[in-house]
Amino acid sequence: MTAKLISGIEIAKEIREELTVEVTELREKHNIVPGLVTILVGADPASQSYVAAKNKTAKALGINSEQMTLDVDTTEEDLLKLVEKCNADPAVNGILVQLPLPKHINEANVLIAIDPAKDVDGFHPINVGKMVLGEQCFLPCTPHGILEMLTRSGVETSGAEVVVIGRSNIVGKPIANLMLQKRDGGNATITLCHTRTKDMAAHCRRADIIIAAVGVPKMVTADMVKPGAAIIDVGVNRIGQASNGKAILAGDVDFDAVKEVASCITPVPGGVGPMTITMLMKNTVQAAKMAANLI
Ligand code: GUN
């Protein structure tokens, strides 16, 4: 079997087309232009490229997007002051502080300082709590993107055995929570595997859907996959450099071998990555509508 490709590029494009209609309507009917601020501390190359992509996508959609780049030595106090300034600015609907932050800055202190109504990453404890309770909130972008990929590709999640590999706050924990809820893209039976899991392969072999978010290149091999399973690969691992200087990327899944066993699979690059950025845009438009009492 050769698996069907779940293209994040195509699904993200479809969602951006829907968002373009919403942004145009906001501008023409309500004179509102959604505003996003992205804050990058330091010069980590991967973070630089993610933040640049977020700004480029926002601008292409007609969202007012401003990137603030701070020196790697910026103090926590100065970063908190900038967050406060953005909280108070009515032209800013969404604030994103790119993670990871330099070691001397306490990430939790920064995330809790962002106004929950502008927390388009969905990382503020209030939004995390609401998400777990199934209440209306900003959903974190990568898990939200995964749900969209599964539902728009017609993958049945209700009653499905889902194995999530990785227990990060950004992907593993929220996607496990969302997929067990009574909602579209939910109603699944979840197993959350991590570094202390005994016999990861045995768990994976039972799975109808595997979501790999572990950061280990090609960790999920073909012998770990049940024939016909759906595979979502969240990993973006730099495994080398091409002669043109571009990074060579590999996911957490051994794509070439697993595609012969699975029914559908996301590629790396071109899978979950474009979805994450697009869901950030969706949250920013949602934030602008909420600020104007339109939803
Ligand atoms: N670093 C890796 N993924 C993310 C994300 O979704 N949001 C932020 N702010 N930082 C990240």
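The values are calculated or read from the model by the stated rules, or taken from the named source; none is laboratory data. Keep in mind that what you see is a predicted model, and the values were worked out from it rather than measured. Reconstructed Cβ throughout: ideal geometry from the backbone, glycine too, with neighbour counts over all protein chains shown. Accessible surface is based on the protein model in full, side chains and every heavy atom, while ligands, DNA and RNA are left aside. Shrake-Rupley method; radii C 1.70, N 1.55, O 1.52, S 1.80 Å.
Couple of notes before you dig in:
- Boolean, Asp199 is open to solvent by 40 Å² or more (accessible area, probe 1.4 Å) and charged (D, E, K, R): yes
- Counting only residues that are free of Cβ contacts under 8 Å to residues at least 40 places away in the same chain and either within 20 Å of Gly166 (Cα to Cα) or of a type in the set (Val, Ile, Thr) (or both), the range 130-147 holds 3 of them.
- Residue in the range 26-43 that is closer than 30 Å to Ile248 by Cβ, open to solvent by 10 Å² or more (accessible area, probe 1.4 Å), at pLDDT 95 or above and within 19 Å of the chain's Cα centre (by Cα) present: no
- Count - residues of the range 183-205 that are closer than 15 Å to Ala229 by Cα, within 20 Å of the chain's Cα centre (by Cα) and touching a residue at least 40 places away in the same chain (Cβ under 8 Å): 0
- Condition met for Gly122 (within 14 Å of the ligand (Cβ to nearest atom) and at positive phi): yes
- Applying the criterion of at least 1 residues that are more than 13 Å from the ligand (Cβ to nearest atom) to the strands (runs of 3 or more DSSP E) found wholly in the range 33-104 leaves 35-41, 64-70.
- Subset of the range 77-100 (residues that are in contact with a Gly (Cβ under 8 Å, 6 or more places away or on another chain) and under 20 Å from Pro140 (Cα atoms)): Val92, Asn93, Gly94
- For the range 161-170, the count of residues that are surrounded by 15 or more Cβ atoms within 10 Å (Cβ to Cβ), without any contact (Cβ under 8 Å) to a residue 40 or more places away in the chain, touching a strand residue (DSSP E or B) at 6+ places or on another chain (Cβ under 9 Å) and not hydroxyl-bearing (Ser, Thr, Tyr) is nonzero.
- Pairs meeting the criteria (first residue in the range 246-258 and under 14 Å from Ile210 (Cβ atoms) and at pLDDT 95 or above, second residue open to solvent by 10 Å² or more (accessible area, probe 1.4 Å) and in a strand (DSSP E or B), beta carbons under 9 Å, at least 6 apart or on different chains) are Gly251/Asn237; Asp252/Asn237.
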